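Here, each number is a calculation from the coordinates, and none is a lab measurement. Please read all numbers here as calculations on a predicted model, not as lab measurements. Cβ placement follows ideal geometry from the backbone for every residue including glycine, while neighbour counts extend to all protein chains displayed.
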Amino acid sequence: MDGELWVFGYGSLMWRPGFPYRERRCATVEGYHRALCVLSHVHRGTPERPGLVLGLDRGGTCRGVAFRVAAEDRDQTIAYLREREQVTAVYLEIHVDAALDDGRRVRALTYAVDRAHPQYAGDLSHADLLRHVRQGVGRSGANPDYVRSTYEHLMEIGVADPVLARIVRDLDGAPAS
């Protein structure tokens, strides 16, 4: 196990990790929460029409997924994650203590939002959240697809997210503007 890497995902990494792993477990991290607080200028929007993606923001608790990466895949996985998550440097690469659903505790690499970055949106109204999600299309696809996929995966692992639930309901129940 020496040299292995654990990675904590709370958004699209949960359902589209993009790297090889040996084990996948539900996990909880204290001191951070999942929030639609990052204006996406690349993956789910553009600088002119930013989408909105999840960030791991300070405070609270976050339930997500931890992946155990073999030692021989460690460096390649970190390089991949940096290319994927740090395209505009809106995230800080940090290590957190994650409680796995089987009782183990591991130190995991993850990406928390940098509140000082210009793409940090903070706490937006529901109307602003919905507007950004509806308009966003970027390198990785349409923003509504990202929100729906994340919400569906959270439901599969038993995580209720009322903010995402309301956005998905409004996306499915109202025409795009």
Q: Just order 127-134, 95-102 by mean Cβ neighbour count inside 10 Å, highest at the front, would you?
A: 127-134, 95-102
Q: Please report, in debye to the nearest 20, how large the charge dipole of the chain is about its Cα centre when each Lys and Arg carries +1 at its beta carbon and each Asp and Glu carries -1 there.
A: 260
Q | Gain on full stretching of the segment that runs from Arg166 to Val87 - 0.36 nm per residue minus C-alpha separation | A | 25.6 nm
Q. Whole number please: convex hull volume per residue of the Cα set in the chain, in Å³?
A. 106
**Q.** Among Ile94, Cys62, Ala108 the positive-end extreme of the charge dipole of region 50-135 (Cβ point charges)
**A.** Cys62
Q. Per Stokes-Einstein, at 10 °C and 1.306 mPa s, what whole-number D in µm² s⁻¹ belongs to region 107-149, with the Kirkwood radius over Cα pairs as the hydrodynamic radius?
A. 129
Q.
Rounded, prolate or oblate for region 33-80? Axes are the square roots of the Cα gyration tensor eigenvalues, ordered a ≥ b ≥ c, and the cut-off for rounded is a/c under 1.5.
A. oblate
Q) How many nm separate the modelled label positions at Tyr120 and Arg58, each set 7 Å beyond the Cα in the direction of the Cβ? A) 0.7
**Q.** Label-point separation, Asp145 to Glu30 (7 Å along Cα→Cβ), nm
**A.** 3.9
(Q) No solvent, one uniform scatterer per C-alpha: report log10 I(q)/I(0) for region 2-98 via the Debye equation at q = 0.25 1/Å, two decimals. (A) -1.44
Q. With all pairs of different alpha carbon atoms counted, what Kirkwood hydrodynamic radius in Å does region 87-164 show?
A. 15.1
